[in-house]
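Participant: Handing you this structure, nothing more for now.
The values are calculated or read from the model by the stated rules, or taken from the named source; none is laboratory data. Computed from a predicted structure; not experimentally measured. When we count neighbours, we look across all protein chains shown, and the Cβ atoms used for this are built from the backbone with ideal geometry, even at glycine. For the accessible areas, the whole protein counts, side chains as well, though only heavy atoms, and no ligand, DNA or RNA atoms are used. Shrake-Rupley method; radii C 1.70, N 1.55, O 1.52, S 1.80 Å.
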Amino acid sequence: MKAASLKILLVTAGAVLFNIIFWHEKLALNALFFDAFVLWSVFYLYPAAFTKPAMKWLLLAHAVALLTVLVHNTMLSKIAFSVTLLLVVVFTQYLHRSVWYAAASAAGNYLLFLFSFLENVKQVKFAGLRSSGIRKAVRFLIIPLLIAGVFFLLYSFSNAVFQNVVNDMGIAIGNFFNRIFTWFNWDRFGFLLLGLFVTGGLLLKMHSNYFAEKDTAQHNDLSRKKNNLLRWKESALFDILSVFMGRFANGVMALRNENTVGIISLVMLNILLLFINVIDIIYVWFGFTYSPDLNLKEYVHEGAGMLIFSIVLAMAVLLFFFRGNLNFYKNNKWLRYGAYGWILQNAVLVISVLLRDTYYIQHMGLAYKRIGVLVFLSMVLMGLITVFIKISQRKTSYYLLRVNGWFAIVLLVAASCIHWDEAIADYNIAHKNTVPLDVPFLLTLSDKTLPLIEKHPEILDEKVETVIVKGDYQSPATISTKQLFEKRKEEFLQQQKDYSWLSWNRADAYVKDHLPATVVTSSLNK
């Protein structure tokens, strides 16, 4: 009962704290206070969790993510902060090894938050208030209240002075409630409920340990299993194989037949991919020459997208062939060699995509999608390495997903340490003589880039199409990038006036320190 009362108290306090420090503020210094409250609460409720092997690494990653929120304050840093906080909380509450199962437990906490909250409320017994005592008091009060109500009406109708007093009391009570509802803000109340939901989902765990039990039941190493032939014939996979292999998918020779099919498939795929890789090595690695007529966007985005998809599909094919007892088949040597060769060739394909993206950056500058291609290539390369380990060391698909899940978290935290908007603006402006400079795109980047653009006024001479909003009316207009830049500065400085010290972060402080004290009024406001 004491634990239930404590949980309700912590959730309520967290909701109030959330309401106070985040209302009309941005996620910045206030995240430090909310984070400290949540971590203290979960470790107080689950003190044994601090000894878990993954906890120290998770706390380190979370500390880095929190630091990036205070320093860079980018959307990516806020996502990394939220994800790592969720993982710390879930690994505190449950026994997990995989981030995928942990994510499922976190989703369960939020989906069942209301039930968990009400369950804890039911367990709380307030001192001196028993349900039987309340029912007894109500029964004794019903008749006296009815009698008093009747005589109250009689006296009010028969006595004018008493009626005036009653009316004055009614007006006073009405004015009191009117002032309350005037002060009351439905938006603020909704924000309080949001805080209750966020804090409750973090501090209250669902009653079921389903995903934690599923996680701990998984194994990293494959073990040979004796298949139930009857169950195998009833499976959907057997039906699919039977369409292509006929009777060869059945019987005691099915494993040898599947091995043969796998070898033939991988030989054909290796030959096909070798042809593609030779073309790429000749024309992309060593024979690429840029010309203005070349559509680099199509050359990179469409080509890279299909190549990345083909690599992911290649990994899926390998997982299909090495999903079970074929890993232990004594004559699967050539199947393994074919798989290793295809993994190596897909790694060559990764290099080809990397070169395409590099050429695009060199000739067209940095942008979000070009950076995104690099991130995806990192994930794909890690996927190929783990597929190789799975085949060579007979690992399970659970191992594959678990390792790649943790790699994604590491990559997310590492990527949040870079202010990408600033990197894009810095690179593109530094190479403005060799790459086409998209100034309207630069003006859509975060506020941290404003001082950098301020140092290069010569780039603000283009005309751009925009929409001027005046009240309920919108009208198209053509303005200069200089006016648009001044508008961005005005908006930033106005936003900073609306924020309190709770929204402090190093990025905004840097911009305020490096922007001029006076800003030219933009014609957009006239």
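Participant: Hey, any hits in the range 393-403 for a residue that's within 30 Å of Val435 (Cβ to Cβ), more than 28 Å from the chain's Cα centre (by Cα) and crowded, with 16+ Cβ neighbours inside 10 Å?
Facilitator: There is no residue in the range 393-403 that is within 30 Å of Val435 (Cβ to Cβ), more than 28 Å from the chain's Cα centre (by Cα) and crowded, with 16+ Cβ neighbours inside 10 Å.
Participant: For the range 402-410, state whether one or more residues are hydrophobic (A, V, I, L, M, F, W, C), out of contact with any His (no Cβ under 9 Å at 6 or more places or on another chain) and more than 30 Å from Lys214 (Cα to Cα).
Facilitator: Looking for residues that are hydrophobic (A, V, I, L, M, F, W, C), out of contact with any His (no Cβ under 9 Å at 6 or more places or on another chain) and more than 30 Å from Lys214 (Cα to Cα), one finds none in the range 402-410, hence no.
Participant: Residues of the range 320-340 being of a type in the set (Lys, Arg) and surrounded by 15 or more Cβ atoms within 10 Å (Cβ to Cβ), which ones?
Facilitator: Correct list: Arg336 only.
Participant: Would you please list the contacts, defined by Cβ atoms under 8 Å and residues six or more apart or on different chains, that run from a residue in the range 209-222 that is buried (at least 16 other Cβ atoms within 10 Å of the Cβ) to a residue that is at pLDDT below 90 and in a helix (DSSP H, G or I)?
Facilitator: Sorted first by the residue in the range 209-222, then by its partner, the pairs are Leu222/Asn327; Leu222/Phe328.
Participant: Let me ask something else. Of all residues in the range 15-60, which are among the small types (Gly, Ala, Ser) and within 22 Å of the chain's Cα centre (by Cα)?
Facilitator: Ala15, Ala28, Ala31, Ala36, Ala54
Participant: Could you check the range 360-395 and list, in sequence order, the residues that are polar (S, T, N, Q) and within 24 Å of Thr289 (Cα to Cα)?
Facilitator: Listed by number, the list holds a single entry, Gln362.
Participant: In the range 273-296, which residues are surrounded by 12 or more Cβ atoms within 10 Å (Cβ to Cβ) and within 23 Å of Trp342 (Cβ to Cβ)?
Facilitator: Leu273, Leu274, Ile276, Asn277, Ile279, Asp280, Ile281, Tyr283, Val284, Trp285
Participant: Looking at the range 12-27 only, could you name the residues that are over 21 Å from Leu114 (Cβ atoms) and of a type in the set (Val, Ile, Thr)?
Facilitator: Answer for the range 12-27, where residues must be over 21 Å from Leu114 (Cβ atoms) and of a type in the set (Val, Ile, Thr): Ile20, Ile21.
Participant: Turning to a different aspect of this structure: Quick one: Gly14 ticks every box in (1) under 27 Å from Ala414 (Cβ atoms); (2) crowded, with 19+ Cβ neighbours inside 10 Å bar one, so which box is it?
Facilitator: The number of the failed condition is (1).
Participant: Can you give me the number of residues within the range 161-174 that are loosely packed, with under 11 Cβ neighbours inside 10 Å and modelled with pLDDT of 75 or more?
Facilitator: 7
Participant: I'd like to verify a number: residues in the range 71-105 that are within 15 Å of Gly405 (Cβ to Cβ), of a type in the set (S, T, N, Q) and over 11 Å from the mean Cα position of the chain (by Cα), how many?
Facilitator: Number of matching residues: 2.
Participant: Looking at Val317, Val300, Val312, which one is β-branched (Val, Ile, Thr), modelled with pLDDT under 90 and surrounded by 19 or more Cβ atoms within 10 Å (Cβ to Cβ)?
Facilitator: Exactly one of Val317, Val300, Val312 is β-branched (Val, Ile, Thr), modelled with pLDDT under 90 and surrounded by 19 or more Cβ atoms within 10 Å (Cβ to Cβ), namely Val300.
Participant: Here is a follow-up. Determine, yes or no, whether Asp438 is at pLDDT 85 or above, open to solvent by less than 30 Å² (accessible area, probe 1.4 Å) and under 30 Å from the mean Cα position of the chain (by Cα).
Facilitator: It is false that Asp438 is at pLDDT 85 or above, open to solvent by less than 30 Å² (accessible area, probe 1.4 Å) and under 30 Å from the mean Cα position of the chain (by Cα).
Participant: Of the conditions (1) surrounded by fewer than 21 Cβ atoms within 10 Å (Cβ to Cβ); (2) of a type outside the set (Phe, Trp, Tyr); (3) closer than 22 Å to Lys7 by Cα, Leu76 satisfies every one except a single condition; which number is it?
Facilitator: (3)
Participant: Pairs needed: first member in the range 2-28, among the polar types (S, T, N, Q); second member anywhere, open to solvent by 50 Å² or more (accessible area, probe 1.4 Å); C-beta distance under 6 Å; at least 6 residues apart or different chains.
Facilitator: Asn19/Leu192
Participant: Report, by residue number, each residue of the range 1-31 that is in contact with a Leu (Cβ under 7 Å, 6 or more places away or on another chain) and assigned to a helix (DSSP H, G or I).
Facilitator: Lys7, Leu10, Val11, Gly14, Ala15, Asn19, Ile21, Leu29, Asn30, Ala31
Participant: Answer yes or no: is there a residue in the range 341-360 that is of a type in the set (A, V, I, L, M, F, W, C), open to solvent by 30 Å² or more (accessible area, probe 1.4 Å) and either touching a strand residue (DSSP E or B) at 6+ places or on another chain (Cβ under 8 Å) or not in a helix (DSSP H, G or I) (or both).
Facilitator: Checked against the condition, which is being of a type in the set (A, V, I, L, M, F, W, C), open to solvent by 30 Å² or more (accessible area, probe 1.4 Å) and either touching a strand residue (DSSP E or B) at 6+ places or on another chain (Cβ under 8 Å) or not in a helix (DSSP H, G or I) (or both), the range 341-360 yields no hits at all.
Participant: Also, quick follow-up: Show the residue pairs meeting these rules: Cβ distance below 8 Å; 6+ apart or different chains; first residue within the range 305-325 and assigned to a helix (DSSP H, G or I); second residue surrounded by fewer than 18 Cβ atoms within 10 Å (Cβ to Cβ) and modelled with pLDDT under 75.
Facilitator: Asn325/Arg224; Asn325/Lys225; Asn325/Asn227; Asn325/Leu255
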